[in-house]
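Below is one structure, written out as structure tokens, with a few remarks after it.
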Amino acid sequence: MSTTALPAPAPAPPRVETPFRRFVSEFCESKVALGALVVFTLIALAAIFAPWISPQDPYDLGVLDIMDGRLEPGSVGATGITHWLGTDDQGRDMLSGIIYGLRISLIVGAGSAIIACLVGASLGLLAAYAGGRTDGAIMRLVDLQLSFPAILAALMILAFLGKGVLNVVIALVIVEWAYYARTVRGTALVERRREYIEAAQCLALPTHRILFRHLLPNCLPPLIVVGTMQVARAIALEATLSFLGLGVPITEPSLGLLIANGYEYMLSGKYWISFYPGIALLITIVSINLVGDQLRDVLNPRLKK
Amino acid sequence: MMMKPIMAVAACFGLLCAEARAQNLTMAVGAPVTSLDPHYHQLSPNNAASDMIFDRLVDTDSRSRNIPGLALSWTTVEPNVWEFKLRPNVRFHNGNPFVAEDVAFTIARLPNVPNSPSSYAIYARPITAVEVVDPLTVRFRTTEPYPLLPLDMTNVRILNRATHERSTTDDFNAGRAAIGTGPYRVVSHRMGDRIELERNDTYWGERPAFGRVNYRMITNDASRTAALLAGDVDVIDQVPTSDLARLRTDQRVTLSEIVGLRLIFLGLDFARPAGENSPFVTDNNGQPLGRNPLQDVRVRRALSMAIDRRAIVERVMEGAAVPASQFLPEGTYSHVPDMPPTAYDADGARRLLAEAGYPQGFRITLAGPNDRYINDARIIQAVGQMWTRIGVRTTVEAQPWTTFVARAGRADFSAFLIGWGSNPDGSHPLRNILATVNRDRGWGASNRGRYSNARVDELTLQSLSELNDARREQILIQAQRLAADDVGVIPLHIQTNIWATRRGLTIAARADELTRAQDVRPAAAR
Amino acid sequence: MSLYLLRRLIQAVGVMAVMSLIVFLGVFAIGDPVDILIAPDADQIERERAIIALGLDKPLWMQYLVFLGNALRGDLGRSFVFNEPALQLIMGRMPATLELALGATIMAIIIGLPLGLYAGLRPNGAISKAILAISILGFSLPTFWVGLMLIMVFAVQLGWLPSTGRGETAMLFGLRWSFLTQDGLAHLIMPATNLALFKISLVIRLTRAGVRETMLMDYVKFARAKGLSPARVTFVHVFKNILIPVVTVVGLELGSTIAFSVVTESVFAWPGMGKLIIDSINVLDRPVIVAYLMTIVLMFITINLIVDLTYSFLDPRVRLESKG
């Protein structure tokens, strides 16, 4: 293929260096994002301190009683605990279940998204920058990965490693990294033809420096869009795996598993078993995304005034 | 001149439409039919589909008792020869008459269906020869006296030699060869999606109520219920227990229930001898015990006593089960009388544990599938609660059937939940679940705990050559009682099979879980 | 160009071989198909017969070589469950899934692109904020839950749409399509919507992000300064620039929708490929799983190729490498 001239005037090379303070003040410009950050912090704190603030240890089968199963919100169970959000089919206090479930969902969602993002973005950048065989090899790996169903990956990991929260994270990373790689490569392919990269190459800067200091920041906007959505997606995917019986252990339910369990009771009007975990999931994901949206705007070198 | 015929046609058409609506039935089943070849894959949904198209020599009523089908009567003429008298004037859908030769052809076909993942050959194996005495009399010769032959024949759907001599499984699936003597004939078949059927107007038995049947497969439980509530289907099977509370009070819906033949039970590790560790049993600090407590009958009894079966039936199963002490429900041949389900007694269980040398209990992992039996994952959690309360701290591990069954088959687990759908004959669970694993006899193929009791084996063997039904029943009862006293497995409950129809229809609920169009009738007709 | 395509083709064959190997090893690790398929009361002799009938008695490497040999002749094996050639089974299910996935993607573009464009052009407007907030719902609610809610509201409560299934179909090009009949279309609406929700959000967000940064670019500023109409600036200059990420992601999404709309197809009893693959995985129907995933790999490779070609069309700065 022949080289074609640029159709539009190239933008000026952006300035990457941003002092931390400026970043904070820019972030705080949006009240909504700030509010979301506060909410998210509260959620994270609740998740971390779950054992101290939950009325019940929902993982201890010894304190659950099926005779307390499916109690309506506000009922008092046999153990004397008031179940403000009701109980699930096992007699598990929904409020405690949700607080502990947040923990699992955040570990699974954020953990898998961060690892997948690191792996995927690095490989995507490398593919775009190196081109040729490296690009071909990485992208075919991406093809392979995108074609591999999460369900089969999860089943295989279940067969090899057994059930566990960490194994779900591994399964999700295996499934998700390719999305990041594909997205980053797409943007990086465009960026690396720009003058600032050529300039950096002329200065004989080391490859890793060009990759991570020059190319990566310019690929960030779509990456953050995909990334914050993928946290949500990872949490939802974990719910789907749980729905299919491949998720976290049933005695350590995540929000997704709580929803999947309660889902069967929606038709019979026992809404609280899946409704409240659903609300908790929604609030978590909305706050993560609002924070992510603002982060993207702040970090985007091209939106700088 | 022209007007009259047109109006007549239009009037007819209108009538036909009204008639057609009343005649149409849409059913939704939860488990997909994988083949219309009645001998390709032995699977309940396939048997249900086959039952609408084909017939068996020995039919079964809704409580799984043998009744005449294509055979009018059967008897042993010699200890090892069964004679079946066939029903006269029966025709296949294509007009061919049904004769004894077709029975011989069918038996010969059973072991010879290529690529079958689970064949019907086991029903042909005891038969050494099929003799056609006359067109309406057929004899089966076996090497030894074989009392189970009529029961075996309830699993075999009869084909026509002239029609099916060269038919492949593909021909059946495409509908070309799906030609039987049954109440319905196949109009079209879309694999895994739907079967369209129309009434066989020359059927020899009771005339089915509906002229056309759309037999759909909706595997998702909630969607199936929703389809019924939306009025898109008239009948659903495998009603999820979580919807029962609502459906029982819904004016638009009628439920039909019957106690089934499927026992849900816990299997225990008998594979490791008393002096060895069981893989998922440890002491309270997570260290190996150095022995297998499950080999001690007192421990097994304690584990059984710790379970509040009524609570599981009421709370987890929402009433859709009966607590059980054995494989067969009351009223079935070879049900053990006077053996009530083990009573819930947590204190007694703790005493027994202490007596067995475990006053502080121990830890155990209870495994189970999460996509196989009704509420399977919920049941093991409930049992986990109850065991934990007597000091046996229980971890629950639920996984999909695909991985579970492989591990259970290797005797990987210390304790596991599993189910068994019995034929209405005690020898069926005895041979498959409780007998010592023995390839030559074909016993214990599903004995995943590796239970072994020489006396039970002996009685089981004895029952298999006893032709007198009353004497045989006593032997089977004795064997089952022995295994129950020894707690070879821990029975939990027998499931109730539930169908829901829209108001105005009724379905004859079947103990064998089969969902068949001929069982549906307008409510007024009954 | 042709050299480039040839190289991609060779890579594709390699990827498909790797995929088949992974599936062979994976299924072997998960369990034994015979355990799952065989009747519970089958004895040991019947079990051994079934193992031989399915060709599972040979060592795994030999099974794989047999498979490779047959695959070279275009035979990917017969389903253990249905005794039908796996490829034929998959192709039979494809139209149902294809129309579902295309329906969802078209919905995503028709709804998502304008909303995203609007939100991007007026980033601080109240409507834009609302669009963005609602779009979060689209990817935070689990599909199975939304699916059931759709059925409950539109089929059970309101009775507007049929609850499940595919409805009437009409023949076109020798295949059955339901979008050609009114009944079929009615059946298509809910499952397509269920699948589209995530995509709509995705398109909205990507478009908005793209528009926002493109509007600040020099060439856009220049075009506006030149006095071009806002419409022309938006639809010619801005639009072209934001299409790259949108095309990438929508392309990938289309692929994964075709491949894995498992949950939607189960909830709506839609007889497509997603339902086939989940059913096949549940019973370890290896020939179908292998054939299915090889088909899907091929599809993804094709989609990625098309996406790459689209890049160079949309943005000539991206050149396709032909040297390696």
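Throughout, read-outs are computed from the coordinates displayed, never taken from laboratory work. The shown structure was predicted, so the numbers you read here are calculated from the model rather than taken from an experiment. No Cβ is skipped: glycine too gets one built from the backbone with ideal geometry, and neighbour counts run over all protein chains shown.
Quick notes on this structure:
- The simple Förster model, with R0 at 45 Å and r as the Cβ-Cβ distance, assigns C:Ala170 and C:Gln44 a FRET efficiency of 0.35.
- Size of electric dipole in chain B: Cβ of Lys, Arg +1 and of Asp, Glu -1, about Cα centre, debye, nearest 20: 760 debye
- Taken residue by residue and averaged, Cβ atoms of other chains lying within 10 Å of the Cβ of A:265-273 number 5.
- The string of couplings for the stretch B:56-61 from the Karplus curve (6.51, -1.76, 1.60, θ = phi - 60°) is 10, 5, 10, 8, 10, 7 Hz, one whole number per residue in order, with x for Gly and Pro.
- Highest average packing first - A:71-80, C:200-209, B:363-372, B:58-67, Cβ atoms within 10 Å: C:200-209, B:363-372, B:58-67, A:71-80
- 0 to 90° range, to nearest 10: angle between helix C:182-215 axis and chain C longest Cα axis: 50 degrees
- Pairs of Cα atoms nearer than 8 Å and 6+ residues apart set the relative contact order; for chain B it is 18 percent.
- The sum of -39500 (n - 2.57) across all DSSP H runs of n ≥ 4, divided by the residue count of the protein assembly as shown, sets its helix-only mean residue ellipticity at 222 nm to -16000 deg cm²/dmol.
- Loop sites by DSSP among the GluC sites (Glu not before Pro) of chain C, restricted to those with at most 15 other Cβ atoms within 10 angstrom, leave C:1-167 as the longest stretch without any of them.
- Simple Cβ-charge dipole of chain C, Lys/Arg +1 and Asp/Glu -1, about Cα centre, in debye nearest 20: 1920 debye
- Taking only Cα atoms of chain C, radius of gyration then Dmax in Å: 23.8, 85
- Cα-based helix-to-principal-axis angle, B:44-53 vs chain B, degrees rounded to 10: 20 degrees
- Residue-count net charge about B:Leu228 - beta-carbon cut-off 14 Å; Lys, Arg +1, Asp, Glu -1: +1
- Average other protein chain Cβ within 10 Å of Cβ, residues A:160-173: 1
- Among B:401-411, B:235-245, B:263-273, the order from most to least packed when residues are scored by Cβ within 10 Å on average: B:235-245, B:263-273, B:401-411
- For chain C, modelled as a GNM whose springs connect Cα atoms under 10 angstrom apart, the maximal fluctuation among C:Thr264, C:Thr164, C:Thr234 occurs at C:Thr234.
- nm² value of the averaged projected area, convex hull over the Cα atoms of chain B: 27.3 nm²
- For B:Phe98, the residues whose modelled amide H falls within less than 5 Å of its own, excluding neighbours fewer than 5 places apart on the same chain, are B:Val90, B:Arg91, B:Phe92.
- Dipole in debye (nearest 20) - the protein assembly as shown, about Cα centre, beta carbon charges: Lys, Arg +1; Asp, Glu -1: 4020 debye
- Rounded to 10°, Cα long-axis angle of helix B:346-355 versus longest principal axis of chain B: 50 degrees
- Calculated FRET efficiency for the pair B:Thr143/C:Asn70, C-beta based, R₀ 51 Å, to 0.05: 0.80
- Peptides B:247-258, B:31-42 ranked from most to least packed by the mean count of surrounding Cβ atoms within 10 Å: B:31-42, B:247-258.
- The stretch A:164-170 - phi-based ³J(HN,Hα) in whole Hz, Karplus 6.51/-1.76/1.60, Gly and Pro as x: x, 5, 4, 5, 5, 4, 4
- Shielding by partners, peptide A:50-62 (average Cβ within 10 angstrom, other chains): 2
- Checking the cross-link pairs C:Lys199/C:Lys275; C:Lys129/C:Lys221; A:Lys270/C:Lys129; C:Lys129/C:Lys275 against a 30 Å limit on the alpha carbon distance flags A:Lys270/C:Lys129; C:Lys129/C:Lys275 as lying beyond it.
- Computed from phi, the 3J(HN,Hα) profile of the stretch A:145-155 under the Karplus parametrisation 6.51, -1.76, 1.60 (θ = phi - 60°) reads 5, 5, 8, 9, x, 4, 5, 5, 4, 5, 5 Hz, with x in place of Gly and Pro.
- Between B:Glu314 and B:Ala354, the C-beta separation translates, for a Förster distance of 45 Å, into a calculated FRET efficiency of about 0.90.
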